[in-house]
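The values are calculated or read from the model by the stated rules, or taken from the named source; none is laboratory data. All values reported here derive from a predicted model rather than from experimental measurement. Cβ placement follows ideal geometry from the backbone for every residue including glycine, while neighbour counts extend to all protein chains displayed.
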Amino acid sequence: METVNQVIKGVPLNHYILLSAIIFSIGVVGVLIRRNAIVIFMSVELMLNAVNLLLTAFSVYHNDASGQVFVFFIMALAAAEVAVGLAIIVMIYRNTNSTDVNVLNKLKW
Amino acid sequence: MSISLFYFIAFLSIFFSLLVIFSKNPVHSVLYLIITFFTFTIHYILLNAQFLAIVNFIVYMGAIMVLFLFVLMLLNLNKESEPAKSNLLKIAGVVAGMCLLVTLVGSMKVLDTSNPVVLQNQNLGLVKNLGKVLFSEFLLPFEVSSILLLSAMVGAVLLAKKEPKLYK
Amino acid sequence: MIKLVYLIPLFPMLGFLINGLGRNVLPKSVVGFIGSLTVLLSFILSLTIFFELNASQTKSFIVPLFDWISAGNLTIPFSFLLDPLSSLMLLIITGIGFLIHVYSTGYMHNDAGFAKFFSYLNLFIFFMLLLVLGSNYVIMFIGWEGVGLCSYLLIGFWFTNASYASAAKKAFVMNRIGDLGFLIAVFLIFTTFGSVEFAKIFPQAANMVSGDKILILITALLFVGAIGKSAQIPLFTWLPDAMAGPTPVSALIHAATMVTAGIYMISRSNILFTLAPQTLEVVSIIGLATAILGATIAVTQTDIKKVLAYSTVSQLGYMFLGLGVGAYTGAFFHVITHAFFKALLFLGAGSVIHAMSNEQDMRHMGGLKKKLPITFLTMMIGTVAIAGLPPFAGFFSKDEILAHVYEHNKILWIIGVIGAVFTSFYMFRMLFLTFSGTFRGTHEQEHHLHESPKSMTIPLIILAVLSAIGGFIGIPEVLGGKHWLAGFLSPVFGSSSSIMGESGLDHTTEFILMGVSVAGALAALLFAYTRYVKNAHVPVGDQVKRNALAKISLNKYYVDEIYAALITRPLDALSRFFFKVVDKAGIDGIVNGLGSGANEASKGFRLLQAGNVGFYLFMMVAGIIALLVYGFYKF
């Protein structure tokens, strides 16, 4: 553990923020450019993880365990979300025989 | 081990997450996503957040990814069946994402915090410490989250099962 | 019994409710019976209370019913004030009201709105009683507004006729102008005296200096209210038009009771007016001007009801003249006698109109004295009474006013006597044109001529008796009387007369004054007799050329035209401007513009709701970026 501690000693907080921002943006881009509902879902997971990482980094930076507890809650939430979301996708697939979000354009004026 | 380990892992995270969104085959996407999550696990370890590292490993890489793969296989989507979006939309999406990145980075500059992350308490991310916080300060949210999980489970079962024949 | 005073207005209210709610169910006989009975009950009660009050030592009773408004330092109890003034008004209202109700059962018998008419009449009696019984200005104001409403409803009773409906509107609007003055006066009274109760205001006011600015303002505004309600210059034009209503209405509301509300109100507030001599001066001048104006217009009118209407305006002017010179008792005396003879005259005119199958033009009448003997006799008594010939009622009251005027200002007296001469002339002119000579109407009308039924003639007879002897309640000392009325009313006007000082005319002067006015009235009678009976002169048609004075009088001094040119038409133009430009183009334009703008914008924007999830996400991200940029680069 000592060594691990030494490794991160030099990393500035900004770089964690930068990393998280990049991954979050990649998630956003994924959501925007893909049409497969499952891939969009995975992009959302990417975004969630980016936030998780940032929360953990801040938790360590401020020496406050609450941040990590929060990450734990987010993970629980993500698990629930994935379960329901995938169930919805399965239903959509059953009804439309596709997971293309552009097929779901009935809800409009 | 040197400080460059963080940057190497960070590079891997970005690289694989890019592969996730750009690979044509959804199954490949899932696999790349697993690798991305694994790099995240390493990040947690580097931050000495051992509990989170384990949970991330089990919940994300294990349970959630299995769910994704399972659904993909179930729906038989493991081919490049996805019709491509128009290039214009793709470019627009990328531009929007880059804008977001620029904004986020810009806001980080405004924040102007560049002190190194130093672990002051060795025990911060350990199960014992987190457990104490979780079961004292966050007891109620913890219990509520159990209800959330229960309802998610019920909902998922209800949604995914065959339509009941109401008008038999 | 005095505790039961609240029953007096309650009975007519009950009658209103029964007749109003059961108007489609109850037969006419029941409606008429209920309508008259409720007023009769009130009259009996008023009479008992009157005698009780007359016998009692204390002359002023306040009967509280409940606390009506209580907010901060404003307390308005719903209570009734019973004193000589209000008890006399009660007698007039319920007594004459009852007679007119009875008369109406005959007069309105063939009208489809019989029950409606009686319910309105009962409602009117209720509000009028509220007006005179209220122990503060707010209750009085309720009655004031209520009688205005009933007046409106009854003038426009035959509202299907457009000109009748607009006459009703005219009356209502003109009354509103006065009401505004009254209302502001009440506000001022509250801010000045901290109360609207008569019993609290008047003792305070009695200690104030004569000619106090705030008192002058209050009394001027109160007088504006009285001008509107009692049809004085410049708001008198509604009263002649109000003759559009059924004749019993004209008799009850527009001659005997409602139009005297202004006089009642000023008599009630006499102490305020006494301490504002400047206002009193204005009151007397306006009263006299109205008296002369009404009298000169009445001289050339050919519509029998119009003559009486202008006569009412003129007589009201005399009452205000009396108030203006401080002859409160005299003015109120004239209210009483005028109520008798003017109600009589209107009812008589109604009887004539009834007999003539709704013909009101005197040029088509004549020679009716044989066919309608009772109507003729009673109307003659009424005419003699209003002309001021002794010993009929009008003589005593009018002479009392004129004597006070003489004492106050001799020029006013001369003008007043001239007005009285005019009064005598036009009244006898009306009488002779209607009843003497030969019949000038159509054959069909002549065939239908008949004396009115008992229900109409009996009230006429009672009123004729009252007109004949009504003056004896106030025989002046000079004629050997004790002037019972002055004694009875002295608790009400006591503080005013102590400020004013006692009248100081010697008996010789008073005799001369009486002689002059009686001689004038007799001369006018003779002139009218020679002109209309001996020479059988009949007024010519409206289109015939006549001399300038007659033309001005016939056209009512062009007052309506002047008002139309000065007020109505500019107001119409202004309203039209506001309607067309400000409202239609401006406000409506903005409102409709916003509406249609939103509509048009939605037509464009709804296309964005294409149902494309990708696009929604894109917009969402764009929104997030915008928020972030705003959050970090703005501050």
**Study point:** Complete set of residues in segment C:1-57 that are part of a helix (DSSP H, G or I), within 25 Å of C:Leu88 (Cα to Cα) and among the small types (Gly, Ala, Ser)
**Key:** C:Gly15, C:Gly35, C:Ser36, C:Ser42, C:Ser46, C:Ala55
**Study point:** segment C:364-377, residues that are touching a Ser or Thr at 6+ places or on another chain (Cβ under 8 Å) and in a helix (DSSP H, G or I)
**Key:** C:His364, C:Ile374, C:Thr375
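Let's see how each residue does on (1) surrounded by fewer than 24 Cβ atoms within 10 Å (Cβ to Cβ); (2) over 16 Å from the mean Cα position of the chain (by Cα):
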{"position": "C:Thr329", "(1), (2)": "no, yes"}
{"position": "C:His334", "(1), (2)": "no, no"}
{"position": "C:Ala339", "(1), (2)": "no, no"}
{"position": "C:Lys342", "(1), (2)": "no, no"}
{"position": "C:Gly348", "(1), (2)": "no, yes"}
{"position": "C:Asn358", "(1), (2)": "yes, yes"}
Review point. With (1) at the interface with another protein chain (Cβ under 7 Å from one of its Cβ atoms); (2) under 16 Å from B:Ser13 (Cβ atoms) as the list, and A:Asp100 as the residue in question, which single condition is left unmet?
Key: (2)
Practice item. Pick out the one residue from C:Phe392, C:Phe396, C:Phe376 that is aromatic (Phe, Trp, Tyr) and closer than 13 Å to C:Ser452 by Cβ. Key: C:Phe376
Review point. If you go through segment B:141-161 one residue at a time, do you hit one that is aromatic (Phe, Trp, Tyr), farther than 30 Å from A:Arg94 by Cα and within 9 Å of chain A (Cβ to nearest Cβ)?
Key: yes
Check your understanding: Which of the residues spanning segment A:46-76 are of a type outside the set (S, T, N, Q), assigned to a helix (DSSP H, G or I) and more than 7 Å from chain B (Cβ to nearest Cβ)?
Key -> A:Met47, A:Leu48, A:Ala50, A:Val51, A:Leu54, A:Leu55, A:Phe58, A:His62, A:Gly67, A:Phe70, A:Ile74
Review point. Cβ-Cβ below 9 Å, separation at least six or inter-chain, first residue in segment C:359-386 and closer than 15 Å to C:Leu308 by Cβ, second of a type in the set (Asp, Glu) and assigned to a loop (DSSP other than H, G, I, E, B): which pairs?
Key: C:Met365/C:Glu359; C:Thr375/C:Glu451
Practice item. Pick out the one residue from B:Val66, B:Val118, B:Val102, B:Val110 that is modelled with pLDDT of 85 or more and surrounded by fewer than 17 Cβ atoms within 10 Å (Cβ to Cβ). Key: B:Val66
Check your understanding: If you take just the helices (runs of 4 or more DSSP H) that sit entirely in segment C:115-215, which of them hold at least 3 residues that are at pLDDT 90 or above and within 20 Å of the chain's Cα centre (by Cα)?
Key -> C:137-155, C:162-193
Check your understanding: What pairs can you find where one residue is in segment C:588-616 and under 30 Å from A:Asn36 (Cβ atoms), the other is modelled with pLDDT under 85 and exposed (fewer than 10 other Cβ atoms within 10 Å of the Cβ), and their Cβ atoms are less than 9 Å apart, with a gap of 6+ or different chains?
Key -> C:Gln609/A:Leu107; C:Gly611/A:Lys106; C:Gly611/A:Leu107
Practice item. Kindly list the number of the only condition in (1) more than 7 Å from every other protein chain (Cβ to nearest Cβ); (2) out of contact with any Gly (no Cβ under 6 Å at 6 or more places or on another chain) that fails for A:Val39. Key: (1)
Review point. Does C:Tyr310 satisfy the condition of being crowded, with 24+ Cβ neighbours inside 10 Å, in contact (Cβ under 8 Å) with a residue 60 or more places away in the chain, of a type outside the set (A, V, I, L, M) and assigned by TED's automatic domain parsing to the domain that holds C:Phe432?
Key: yes
Review point. Do you know which residues across segment C:71-106 are part of a helix (DSSP H, G or I) and over 22 Å from the mean Cα position of the chain (by Cα)?
Key: C:Thr105, C:Gly106
**Study point:** Selection from segment B:33-49 of residues that are part of a helix (DSSP H, G or I) and facing chain A (nearest Cβ under 9 Å)
**Key:** B:Leu33, B:Thr36, B:Phe37, B:Phe40, B:His43, B:Tyr44, B:Ile45, B:Leu46
Review point. Inside segment C:387-432, can you point out the residues that are assigned to a helix (DSSP H, G or I) and of a type in the set (Phe, Trp, Tyr)?
Key: C:Phe395, C:Phe396, C:Tyr406, C:Trp413, C:Phe422, C:Phe425, C:Tyr426, C:Phe428, C:Phe432
Exercise for review: Using the structure shown, decide if C:Gly245 is surrounded by 24 or more Cβ atoms within 10 Å (Cβ to Cβ) and within 24 Å of C:Ser163 (Cβ to Cβ).
Suggested key: yes
Review point. How about segment C:280-318: which of its residues are more than 18 Å from C:Gly382 (Cα to Cα) and under 14 Å from the mean Cα position of the chain (by Cα)?
Key: C:Gly317
